1. Would it be correct to say that residue 128 is over 25 Å from residue 170 (Cβ atoms) and of a type in the set (D, E, K, R)?
2. Is there any pair linking a residue in segment 154-170 that is without any contact (Cβ under 8 Å) to a residue 60 or more places away in the chain and assigned to a loop (DSSP other than H, G, I, E, B) to one that is of a type in the set (Gly, Ala, Ser) and open to solvent by less than 20 Å² (accessible area, probe 1.4 Å), with Cβ under 8 Å and at least six apart or on different chains, and which?
3. Name, by its number, the condition in (1) free of Cβ contacts under 8 Å to residues at least 24 places away in the same chain; (2) open to solvent by 30 Å² or more (accessible area, probe 1.4 Å) that does not hold for residue 128.
4. When segment 154-180 is examined, which residues are found to be of a type in the set (A, V, I, L, M) and closer than 24 Å to residue 23 by Cα?
5. Residues of segment 142-161 being under 23 Å from residue 114 (Cα atoms) and aromatic (Phe, Trp, Tyr), which ones?
6. Can you tell me how many residues in segment 85-105 are surrounded by fewer than 14 Cβ atoms within 10 Å (Cβ to Cβ) and in contact with a Ser or Thr (Cβ under 7 Å, 6 or more places away or on another chain)?
7. Given (1) modelled with pLDDT of 90 or more; (2) within 23 Å of residue 173 (Cβ to Cβ), where does residue 89 come up short, assuming only one miss?
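The values are calculated or read from the model by the stated rules, or taken from the named source; none is laboratory data. Not measured: the values here are computed from a predicted model. We place every Cβ from the backbone using ideal geometry, glycine too, and count neighbours over all the protein chains shown. We work out accessible area using only protein heavy atoms, side chains counted, and drop any ligands, DNA or RNA first. Shrake-Rupley method; radii C 1.70, N 1.55, O 1.52, S 1.80 Å.
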Amino acid sequence: MKHFLLLVAALAIISTAASAQETFSKGDNLITGQIGIGSGLAVSATYENCVKSGLFATEKGAIGLGGYVGYSHYSDSYSGYGVHSDWNYNNIILGVRGNLHYEFIDRLDSYAGLMLGYEIVNSNHDVDTEYGDFSGDVDASGFAFSIHIGTRYYFTDRFAAGIEVGYGVAYANVGVAYKF
């Protein structure tokens with residue numbers, strides 16, 4: 001009896017998966033806005049186009065390519081022992097991302113990907129002491145690389161909410177997506 005129930009459950013799952021529509025198909029475009037945590041407040045936006053779908057034996061896989069823009073800001077201050085210090089940090093990343101998507105469950109788009117881009121960092125530090133005031137600015141730019149994983153659940157055919165972890169301007173993001 002136990003084996004029969006397992007067989008029925010497996011057939012139900014397979015038939016549901018077989019009849020489900022892919023969440024990300026060739027030609028689909030996706031815009032995502034995210035808010036992140038990591039080093040201060042972070043916001044990011046992505047655009048992605050599905051360039052290939054129907055991957056793997058289940059045909060539930062897809063490849064998407066697109067762009068990324070992100071901004072984060074963090075500031076802090078310290079006062080004590082005759083010293084007052086203020087510090088500000090800004091980070092902007094512009095990049096190109098590629099994602100491998102797979103729909104494990106109906107309406108749940110899971111993905112993993114890579115980003116290559118350019119990172120612009122600006123930092124300034126002001127220190128006031130009884131011996132004088134000091135300040136400094138550091139501007140840095142360079143190559144950015146990241147690995148990320150995420151998932152989004154489609155509430156309708158076009159709107160989804162999701163989470164993503166990895167490196168961008170934040171380590172963990174939540175956001176909404178619109179597919180067109």
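1. Working: over 25 Å from residue 170 (Cβ atoms): yes; of a type in the set (D, E, K, R): yes.
It is true that residue 128 is over 25 Å from residue 170 (Cβ atoms) and of a type in the set (D, E, K, R).
2. 167/146
3. Going through the list (1) free of Cβ contacts under 8 Å to residues at least 24 places away in the same chain; (2) open to solvent by 30 Å² or more (accessible area, probe 1.4 Å), residue 128 breaks only (1).
4. Taking segment 154-180 and keeping what is of a type in the set (A, V, I, L, M), we get 160-161, 163, 165, 169-170, 172, 174, 176-177.
160, 161, 163, 165, 172, 174, 176, 177 - these are the residues of segment 154-180 that are of a type in the set (A, V, I, L, M) and closer than 24 Å to residue 23 by Cα.
5. Keep residues of segment 142-161 that are under 23 Å from residue 114 (Cα atoms), which gives 142-154, 160-161.
Selection gives 143, 145, 153, 154.
6. 1
7. (1)
For every residue, the table says whether it meets (1) in contact with a Cys (Cβ under 7 Å, 6 or more places away or on another chain); (2) open to solvent by less than 80 Å² (accessible area, probe 1.4 Å); (3) part of a strand (DSSP E or B); (4) modelled with pLDDT of 85 or more.
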| site | (1), (2), (3), (4) |
| --- | --- |
| 30 | no, yes, yes, yes |
| 33 | no, yes, yes, yes |
| 36 | no, yes, yes, yes |
| 39 | no, yes, no, no |
| 42 | no, yes, yes, yes |
| 47 | no, no, yes, yes |
| 51 | no, yes, yes, yes |
| 54 | no, yes, yes, yes |
| 71 | no, no, yes, yes |
